[in-house]
1. With B:Val121, B:Val91, B:Val99, B:Val128 as the choices, which residue is within 20 Å of B:Gly185 (Cβ to Cβ), of a type outside the set (D, E, K, R), free of Cβ contacts under 8 Å to residues at least 40 places away in the same chain and buried (at least 24 other Cβ atoms within 10 Å of the Cβ)?
2. Which of the residues belonging to the range A:166-190 are farther than 19 Å from A:Ala72 by Cα and surrounded by 24 or more Cβ atoms within 10 Å (Cβ to Cβ)?
3. List the helices (runs of 4 or more DSSP H) inside the range B:90-140, counting only whole elements, that have at least 2 residues being in contact with a helix residue (DSSP H, G or I) (Cβ under 7 Å, 6 or more places away or on another chain) and facing chain A (nearest Cβ under 8 Å).
4. With the condition being within 18 Å of A:Val67 (Cβ to Cβ), I'd like the helices (runs of 4 or more DSSP H) fully within the range A:99-216 carrying at least 3 qualifying residues.
5. Do we find a residue being of a type outside the set (Val, Ile, Thr), under 17 Å from the mean Cα position of the chain (by Cα) and buried (at least 24 other Cβ atoms within 10 Å of the Cβ) anywhere in the range A:81-95?
6. Taking A:Trp234, is it farther than 18 Å from A:Leu199 by Cα, in a helix (DSSP H, G or I) and more than 14 Å from chain B (Cβ to nearest Cβ)?
7. If A:Leu90 passes every condition in (1) farther than 27 Å from A:Ala207 by Cα; (2) without any contact (Cβ under 8 Å) to a residue 40 or more places away in the chain but one, which one does it miss?
8. Under 8 Å by Cβ, and 6 or more places apart or on different chains, what pairs join a residue from the range B:196-222 that is more than 14 Å from chain A (Cβ to nearest Cβ) and part of a loop (DSSP other than H, G, I, E, B) with one that is among the polar types (S, T, N, Q) and surrounded by 14 or more Cβ atoms within 10 Å (Cβ to Cβ)?
Amino acid sequence: MELFQYPYMQRALIGALVIGLAAPALGIYLVQRRLALIGDGVGHVALTGVGAGLLLNRSPVLVAVIVATLGAITIELVRARGRTSGDLALALLFYGGIAGGVTLVGLSDATSAKLNAYLFGSLTTISPQDLTTIVVLGVALLVTMLALRPALFAVCHDEEYARVAGLPVRALNMLIAVGTAVTVTIAMRAVGVLLISALMVVPVATAQQVTRGFRSTMAAAMALGLFAAGSGVWVAANADTAPGASVVLLAIASFLVVAVAGAGWRAVRRRRTTTGTAVVEPPEVVLS
Amino acid sequence: MNAPVITVTRGAVGYDGRPVLRDVSLTVTAGEVVAVLGANGSGKSTLIRAVLGLVPLHAGSVALFGVPLRRFRQWQRIGYVPQRLGAGGGVPATVREVVASGRLARRGVLRPPGRADRVAVDAALTAVGLADRAGDPVATLSGGQQQRTLIARALAGEPELLVLDEPTAGVDAASQEAFAGALRGFVDGGGTVLLVAHELGPLRPLITRAVVVHHGGIAHDGAVPEPAGHHADPDHDHVHPHGPDEPAGLWSS
């Protein structure tokens, strides 16, 4: 525990906890829309922003926020068009993003260690300024996702219905796109662009195995994200492993534990119900 | 004559250059219960989607409550019941959560739900007979119960006009009766209804007027036609291949 006396470890822990809480709060809307991997794509695009920032001697995180936001808006526009070629357009954007990032980082004076810090995260090198950015953007994101939950749920659940209800569907979709970009950029310092999607999606996947509603899934996913982030940093500090990877591995471990426990629980319940009288639903009859 | 609720004037709709509706005119006035009938692919679903602005018109115009569709903003006056619940992603949602979405048109995006919202959601759940399933995930419900969830969502917004797309397709008998009961309550309260149907079933006594869409035009507008030919046979099995008769939307992709 004495490691956490050092300010850099405290910053790592606080940063990880904010991201652990905020990433699933946004990720649940992406899972709901079956766009679970979009965060991965935006992460690839953000890397070009990092490269541009390093090359221009500007804050890489700041430039990455701008570039990732532009990328996320482009992805949303392609999605809203609903064209079949959207799939390929996304692929171009993803691989263009990562190739551009690697090239730009290479052109700057940055070392490959610097590139690695953005690819896989580097929690222990978070500066006080970085932490301020993470906390301010993370809290803003969290408040928005929680306050607009009914409207965002409606849009992600049934977009046509939301349009007929007169909701500002395009603005809400853009909000999710921009929120994805913000999450990706603040999480980049913690888990890296290659592992960001895991923190947005895995806690949601874990939670929804046992929850019944959207609200309870969101709450459980945020709790799981917080747990994975906190315990991941603790394990990394004690076992001297990479913090980002440790956080993601713990999130996946929680998923497996819940999956196995859930399957066992269902099996036990099924055995109990089959011993009693089976409840059979009336068959669906179509009247003429 | 009552005030017009829906006015379609010489409307035309096409997908990718293929005309689906040509020169269609239709007026629905307050208090009417109008059924749009027709074969699969006749354009009947497209007609109500055009009325709601979900598909653009190539020609002609639509007005809702006397206001041109482009300028229409009072969406809380309309309750829409789609054909089926969207796949909705993998995240579970309870029946109550889905029905509560119906309050958003009235409440707005920013205001948190209040007491009036809870009361309206409870009333809508009771009207369709799903009050005991409010806390269950919608994915665990039967097709008919899911359909009732969707009508409850529309009723929760306390609309003046209900627009329903094939509300009884593939729905079990108990749900059809519950559905007809909920609709009757809405009509008795002075509501206006436009519904697309393949077969009317227990809804038939409620219908005041039928519009038959055939090959993109209106072939009949008046009394509900009697079933003819093999459709009149009581043993006729009304199971038709419900293939997608229109391109997949954003939502279904």
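1. B:Val121
2. If the condition is that a residue be farther than 19 Å from A:Ala72 by Cα and surrounded by 24 or more Cβ atoms within 10 Å (Cβ to Cβ), then A:Ala190 is the only one that fits.
3. B:95-100, B:104-107
4. A:112-120, A:128-147, A:169-191
5. First, pick out the residues of the range A:81-95 that are of a type outside the set (Val, Ile, Thr): A:81-83, A:85-95.
Now restrict to residues that are under 17 Å from the mean Cα position of the chain (by Cα): A:94.
Adding the requirement that they be buried (at least 24 other Cβ atoms within 10 Å of the Cβ) leaves none.
So far as the range A:81-95 goes, no, none of its residues is of a type outside the set (Val, Ile, Thr), under 17 Å from the mean Cα position of the chain (by Cα) and buried (at least 24 other Cβ atoms within 10 Å of the Cβ).
6. no
7. That leaves (2) as the condition not met.
8. Within 8 Å, the pairs are B:His215/B:Ser42; B:Gly216/B:Ser42.
The values are calculated or read from the model by the stated rules, or taken from the named source; none is laboratory data. Predicted, not measured: the structure shown is a model, and the values here were computed from it. FYI the Cβ positions are ideal-geometry reconstructions off the backbone, even for glycines, and counts take in every protein chain you see.
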